[in-house]
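Here's the structure, in structure tokens; my notes come after.
The values are calculated or read from the model by the stated rules, or taken from the named source; none is laboratory data. Note that this is a predicted model, so its numbers are computed, not measured. Glycine also receives a Cβ, built like all others from the backbone with ideal geometry; neighbour counts cover every protein chain displayed. We work out accessible area using only protein heavy atoms, side chains counted, and drop any ligands, DNA or RNA first. Shrake-Rupley method; radii C 1.70, N 1.55, O 1.52, S 1.80 Å.
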Amino acid sequence: MKHKINPTVDCVFKAILGTEKNKNLLIHFLNAILEPKQGERIQDVTLLNPYNEREFIGDKLTIVDVKAIDESGKMYQIEIQLAMHAALDARILYTWSHLYHSQIQDGDNYQKLQPVISIWILNGILFEKVEECHLPFSVYNLKHNLILTDHLAIHLLQLPKWQSIDPIASEKERWLYLFKEGQNVDLDNPPSTLNTEEMRQVMKVLQRFSENETDYLLYQSRLDAVLKENTYITALEQALKVKEQALKEKE
């Protein structure tokens with residue numbers, strides 16, 4: 001019997017989008033999420049940190065993202081975030097700024113800087129009061145409707161906010177379906193929604209983690225790390241609530 005595999009677990013996620021042999025999936029994913037104008041679609045990318053299973057060894061969650069640069073010089077960072085925690089918004093901006101800053105060294109000039117686009121797939125909700133799943137952010141002046149620069153673009157995909165629709169309306173919807181519902185997919189008989197050239201390629205990655213003992217053990221260790229992290233965060237939040245309640249009662 002095949003094991004069901006969650007494509008949002010970091011080692012699987014990076015095997016899908018962060019390997020040379022699946023580079024076409026990364027290009028397809030970027031074009032699907034960013035929806036560039038006609039003539040501006042991404043044709044090729046260079047992976048800056050290809051998949052390496054050694055970065056997943058250990059039971060501690062680390063930042064495991066996909067970094068790439070396209071033919072025009074734009075840089076991309078894609079990260080999956082399963083464990084929601086305080087200051088996540090600051091971390092998102094910090095990791096973007098680190099990649100942006102890394103483009104130039106002492107003695108360079110600012111004209112060398114290229115846009116950096118970050119895409120964060122969140123398994124939790126950062127903005128509770130909005131219904132949209134996909135939230136793009138930029139440096140924007142509300143009063144005068146001005147964009148300071150196109151160099152900063154951050155896209156949040158809040159998976160819990162996405163509602164499955166039938167039929168799928170776009171390739172973006174197809175990727176969201178994969179990341180939200182993929183852990184429940186029968187790998188021997190996937191739904192028609194995942195019966196496209198790209199999704200069949202994704203299914204092969206999931207099958208590898210399901211059938212190969214070494215890959216499955218790696219998957220299990222990363223899944224256990226997520227559970228530990230979520231347990232720690234929940235316990236910390238409960239402790240803070242108890243402390244706050246005790247302070248209120250004392251007052």
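Summarising the label geometry, the points placed 7 Å from Cα in the beta-carbon direction at Asn109 and Lys21 lie 4.5 nm from one another.
Between Glu71 and Gln207, residue separation times 0.36 nm minus the direct Cα-Cα distance comes to 45.8 nm.
Sites counted here are trypsin sites (Lys or Arg not before Pro) in a DSSP loop (not H, G, I, E or B) having no more than 15 other Cβ atoms within 10 Å; the longest part of the chain that contains none of them is 144-251. With Cα atoms defining each centre, region 1-34 and region 160-206 are spaced 12 Å apart in the structure. By the compact-protein rule of thumb, 2.2 N^0.38 Å, the alpha-carbon radius of gyration of the chain corresponds to a ratio of 1.09. Here the chain exposes an accessible surface that is 52 percent carbon and sulfur, computed with a 1.4 Å probe and the other protein chains kept in place. The Cβ shell under 15 Å around Gly73 holds other residues with a net charge of -3, Lys and Arg each +1, Asp and Glu each -1. For region 80-205, the equivalent ellipsoid built from the Cα gyration tensor has semi-axes of 33, 18, 15 Å, listed from largest to smallest. Of the chymotrypsin sites (Phe, Trp or Tyr not before Pro) found in region 106-202, no site is in coil according to DSSP while having at most 12 other Cβ atoms within 10 Å of its Cβ.
With all protein chains kept in place, the per residue accessible area of the chain amounts to 59 square angstrom at a probe of 1.4 angstrom. In this rough spin-label picture, where each label sits 7 Å from Cα along the Cβ direction, the Lys37-Tyr140 distance is 1.7 nm. Farthest toward the positive end of the dipole of region 1-147, out of Ile69, Pro115, His134, is the Cα of His134, where the dipole comes from beta carbon charges about the Cα centre.
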